[in-house]
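Heads up: the structure comes next, in structure tokens.
The values are calculated or read from the model by the stated rules, or taken from the named source; none is laboratory data. Just so it is clear, the structure is predicted and the values come from calculations on it, not from any experiment. Here the Cβ positions follow ideal geometry from the backbone for every residue, glycine too, while neighbour counts run over all protein chains shown. The protein model used for the area step is the full one, side chains on, heavy atoms only, and it has no ligands, DNA or RNA in it. Shrake-Rupley method; radii C 1.70, N 1.55, O 1.52, S 1.80 Å.
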Amino acid sequence: SQSAVASMAPSSEAPASAVSASPGFDCAHALPGAQTVVCGDNQLAQLDAETDRLYKLVDAHTGDPERAALKRLQDGWTAKRDACAATVDVKSCLVQTYASRIADLRAGYKAAGDDAAGISLGPVRWRCPGATARLSSTFINASPGLVFLRRDDASVVLTQAVSADGGRYTATLPDGAYEFWTKGDETRFTVPGQA
């Protein structure tokens, strides 16, 4: 429900894990490329730790027939993450890839979707008056905080921004400015050219 978001949206303060995050793999044995970048960036280390935690949670609650499919999906995601090392903006690619996987795990598996122990919350599903597009948000209380928004088949990751009131997330992408703002039972999602 929309009113649940006010309590679910991450705070503007960094979580305790922001002080010294460790990824889900051993940085002493990090492979060159994406893993090395993750080890050198606290936000990415937080995202990796949360992805690893959710994956292990889902794996522990998955039966043998589904476990092979889950592993194939995770291996495919790992290859996509590692491919970010060859992109122009490695960090942006990694943030998008991690946020997408966290959202997929939370949306696709009950054990992850019901979990409240980590730094992610959601997905929260929205229905805007007069709009046919379906919108869902997954909050990730990293440092800085993120929200992964999926609208039908499109997705975007926004970064938590300063807000005098409520939770506010923004991003300026090649196609324009995005803003997601939520307070209480009100939410506004603005995309380039329309709200």
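Remarks
- Estimated from helical segments only, the mean residue ellipticity of the chain at 222 nm is -11500 deg cm²/dmol, where each DSSP H run of four or more residues counts as -39500 (n - 2.57).
- Rg/Rh (Cα only; Kirkwood hydrodynamic radius) as it applies to the chain: 0.96
- Listed peptides 159-166, 30-37 appear in the order 30-37, 159-166 once ranked by packing, highest mean of other Cβ atoms within 10 Å at the front.
- Calculated FRET efficiency for the pair Ala107/Ala164, C-beta based, R₀ 41 Å, to 0.05: 0.85
- DSSP H segments from the chain that extend 20 Å or more along their own axis, Cα-based, with Kyte-Doolittle mean of -1.0 or above: 42-60, 90-108
- From the alpha carbon centroid of the stretch 54-119 to that of the stretch 129-195 is 21 Å.
- Note on the stretch 68-110: along the principal axes its Cα atoms extend 35, 18, 6 Å, ordered by decreasing extent.
- Computed over protein heavy atoms with a 1.4 Å probe, the accessible surface of the chain works out to 52 Å² per residue.
- Full-extension gain in nm, Cys128 to Thr87, via 0.36 nm per residue minus C-alpha separation: 11.2 nm
- Magnitude of the charge dipole, the chain, Cβ model with Lys/Arg +1 and Asp/Glu -1, debye to 20: 340
- Here the accessible area of the stretch 29-86 is 60 percent carbon and sulfur, with a 1.4 angstrom probe and all protein chains present.
- Where the Cα pairs of the stretch 126-195 fall when distances are cut into 5 Å bins, in %: 4, 15, 29, 29, 17, 5, 1
- At full extension, Glu186 and Ala69 could sit 38.3 nm farther apart than now, given 0.36 nm per residue minus the alpha carbon distance.
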